[in-house]
1. How large are Rg and Dmax for chain B when calculated on the C-alpha trace, in angstrom?
2. Kirkwood Rh over alpha-carbon pairs of region A:454-521, then Stokes-Einstein at 10 °C and 1.306 mPa s: what D in µm² s⁻¹, rounded to an integer?
3. Run the Debye formula on the Cα coordinates of region B:189-230, all scatterers equal and no solvent, and tell me log10 I(q)/I(0) at q = 0.17, 0.23, 0.24, 0.30 1/Å.
4. Over region A:379-489, consider all pairs of different Cα atoms and compute the Kirkwood hydrodynamic radius from their mean reciprocal separation; express it in Å, one decimal.
5. Of all accessible surface on the protein assembly as shown at a 1.4 Å probe, what whole percent is carbon and sulfur?
6. What shape does region A:401-461 take by its C-alpha gyration tensor, where a ≥ b ≥ c are the square roots of the eigenvalues and a/c under 1.5 counts as rounded, a/b above b/c as prolate, and the rest as oblate?
7. P(r) for region A:178-260, please, calculated from all Cα pair distances in 10 Å bins and given in %.
8. Over the Cα atoms of region A:58-132, what radius of gyration and what Dmax do you get, in Å?
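The values are calculated or read from the model by the stated rules, or taken from the named source; none is laboratory data. As the structure is a prediction and not an experimental result, all values here were calculated from the model. Because the Cβ atoms are built from the backbone with ideal geometry, glycine has one as well, and the counts that use them run over all protein chains shown. To get the accessible areas, we keep the full protein, side chains included, count just its heavy atoms, and leave off ligands, DNA and RNA. Shrake-Rupley method; radii C 1.70, N 1.55, O 1.52, S 1.80 Å.
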Amino acid sequence: MAGPAAGRIRHPVLRAFVRAPGGLIGAGLLLGLLVLAVVGPMIWGHPATVTDLNVPYQVHSPEHPLGTDSLGRDVLARTLSATRLTLVLGLSAAAISAVVGFGIGTAVAALGPRARGIGRRAIESSLSFPPILLALFLVAIIGAGARGAVIAIGLGAAPGFARLAENFATSVGSREFIASAKATGVGRVRLMQRYLLPNMAEPLVLAGLAYVAGAIIDISGLDFLGLGVQPPAYDWGTLLTAGVQSIYVTPFAGMAPAFMIMLTGTSLVFFGEALSRALNPRLWVTGPRRDRRAERARAGRAGKAGLAGPAAARPAPATGAADPAGPVVADAVVADAAVADAVVVENLRITLPSGGGPRALVDGVSFRLRAGEVLGIVGESGSGKTLTSLAIGQLLPHPLRTTATRIELGGTELTTLPPGRLARVLGTGLAMIFQDPMSSMNPASRAGSQLTDGARRHRGLSREEARAEAVQRLGEVRIGDARRALRRYPHQFSGGMQQRIMIAMGLMARPRVLIADEPTTALDVTVQAQVLEVLRDINASEGTAIILISHNLGVINQLCDRVLVMYAGRVVEEGDRERLLADPQHPYTKALLASVPVLPGTVPSGTSPAAELKTIPGRPPRPDEDVPGCSFAARCPLAISRCTAERPALTAAAAGGKVACFVVTGAITGEAVR
Amino acid sequence: MSLLELDHVAVRYGAGRHALTAVDDVSLAVEAGTSIGIVGESGSGKSTLARAIVQLVPTASGRITLDGRDVTGARGSAVRHIRDRVQMVFQDPFASLNPRRTVGATLAEAVGLNDRRASGGGDRQARVTELLELVRLDPAARYRYPNEFSGGQIQRVAIARALAAGPRLLILDEVTSALDVSVQAAILNLLRDLRERLGLTYLCISHDLSVIGYLCQSAVVMYLGQLVEAAPCADLFSAPRHPYSRSLLDSVPQVRGERIRATASGDVPNPRFPPPGCRYHPRCAVGPLAQPGREACLQRDPHQDDGRAASLNGGPVTGPGSGAVGGRFAACHFPLGAP
């Protein structure tokens, strides 16, 4: 759907609609059905009522392609001309249930807490009646016939919609922008119109449209019972009922209306899906602006003639020699060959497939984690630090693709390992903990079984052995009364305890490597200090090598021996923690350190709190922007013309460590600093 | 007269056995033109206190005086009185802006609701432009939807919306917590600049002490709903009097200097069941569990200690210029650095 036609459409709603899968198909089918509904009775209305008792129950003939019914009436003509009545009935019934249901549901959600509770119970109890039963009951009151059937089916399905709307309204209502709208003084009705309804529209539109086909079927059910459309009027339901009775004689008489109902349902679901996407501004691709950016980028590249296209700018990792990071790693391999490395990553590249070719989110990342070392990876959001760690654990979500010359864990190459062995190597060699411990734990199972499951399965320990080990591990992460802790559920622990239990869980297999991705970001400072101490203890006592990923340079300073600084998917600086934090080399590292506010009174001088914080102008390049040179060049105060043309490799700096910067490593060739 | 005065304010959630006193007997005065930080861990009641000031949550007892008018349990015109003077900026700007409306529409609405001068559409648009320029955004940003902005930009929009009402007091609730450090730096600089240009008063809530240190002249420390220390930032950071403040400061991982030690043991207790006596005693490094002879901490809540109540009620934190800066306050039986 995202063909060239979509590119020309300017209106964001239309663009989004056209780009949604099935949007055009749904709209086309629906348009066809509507045209049929208008012209059907005009063209086929008369032939459909002509009875010819000479040819009852015909299967197929030149005059009657789909055969005839018991009175010799043409099935095709009847099916086509019934479109109008059927659609009118189905749409009206769905409209009744949507309007009544959504109205009641939203109103209930807007009530005070007590009244809302009562309303909710009322909706729930009406839900306990099957809709068709409710409809039968209503038809008995209203009376049989098309009108009665529509009202009965519409009201019968309303409780379901009411509950849906009430749920959505409650969840949208609890979001912060509602609170801030209230704080700004937005009134109740306006709040409902402008804030609640638009934010619930998407699922409600889809539910409403999807129910049209359901309503047609439900009305057919009433037709079958003789309570729906009364002869001589007919809809697909009556045709279906008649056709099914003679299905072995004239199969088409039942299949034709069934096919039409199916077609209507399909087209409405496609259409509804596309419509709800089109109404969602988060999915609007605001084309013109993005195009201008791309043009600017192209114009910028045109300045330095010859270097063509992404292929040239980003050599494939397999041809490692062309990659800037390649030679450096090769040196390192020779130098450190004697020391066993816990993790080796070489030329890691992570790409996201997209319409305009794969976009690199991480590119040319190489590093090694020595046994027992704590390596910090620092960077801002989008720098690729988390993706890098996930790639080591082979946990990257679809559709991201990884390529790398090497990813080794404890000397085992992971990229070529068969899945079964991979799970085993990772399960015993690597533990990972994440920012939100609660989401990493199964809320429905006790801490004890979560801690011991892995050990019992992977290492064949008995229940008692595994529990004894779990108690020991919990002690190591300073959880008092570990035996009691084993019996508790995750939500019964505080955030700091959950995170420490996650660490204990990771340590159960005695892994050589622990990857901690922002492990303390969600925690309070005093608890953060405790968790950092636990990690430090484990590193010291067990010799577990740790990769600590954090955006917080202070946290990095607490724990790490060595630090990698990542920017826009690449490593820009690497070095010993003390040197790197005290004397950063890369302009980005410098700027990052200067932007951290320092506690007044804790640092002697030079950093008066009165001084403005340093900021970095501009923003990092997005993955879809093809930056030929250094990705920081556009924001860098030191950039020279070479920086925008050529990508600097990670090379040894005079001050120690490695830096990917032409200016710092003194590779300036007589050019004036801009 | 102070711009904002809290007098023994308490906020309670629920009732009976499930009651939770989120803010317990807090008294505080904020002078116009100063910035006061509220520091504390999760569950300390700092956000609840802020919400109580703008009447998003009702107070259970105590009095809130804003610009000379009692606004406790405000209804009708008193709500307007608050809205005209106090606005809030939240932590997650994406969550606090309606995703279905353009930034311009959101701002124009805030202008129309709050600024009586800007009545016509043209006036509103001019004011929207002015607001966007104030937070250093391109006026063309009005045509875009929240999802088209980066985290830092959208926080600027949220600040612009808060400024639309022309408030005197801005409550900043963890406004930079969700941002990258380099973006945080730009927002902090902007906030300092706006304070100077518009003469704003800030009540700044953050778990990050360095943010408080950068934005505020003085700070109060909260623990389990209570105010435990109030002091000018320079004093608080160099020589805290309450052991909890000390442990908070010791826990801040610094980029330079020594590695921290975990001085507070355990987690913050469940605020539903606060410990008896001094609420901090189970975690206190110099409390009854660490040092003998400090049984007072187990028995008496320093807040209810008659001898000290006066200092709490009389001189909580005040801004520079009021002459009461020296009047520090620490709710501790054995304050640090005491003779």
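1. Considering chain B through its Cα atoms, Rg and Dmax are 20.8, 71 Å.
2. Details: Rh = 12.6 Å.
Value of D from the Cα-based Kirkwood radius: 126 µm²/s.
3. With one equal scatterer per Cα and no solvent, log10 I(q)/I(0) is -0.52, -0.82, -0.86, -1.12.
4. On the way: mean 1/r = 0.0613 Å⁻¹.
16.3 Å is the Kirkwood radius here.
5. Values: 24780 of 42600 Å².
Result for the protein assembly as shown: 58 percent of the exposed heavy-atom area is carbon or sulfur.
6. Numbers: a/c = 2.89, a/b = 1.63, b/c = 1.77.
It is oblate, given that a/c is not under 1.5 and a/b is not larger than b/c.
7. Pairs per bin, as whole percents: 16, 28, 17, 13, 13, 9, 2.
8. According to the Cα coordinates of region A:58-132, Rg and Dmax are 22.2, 68 Å.
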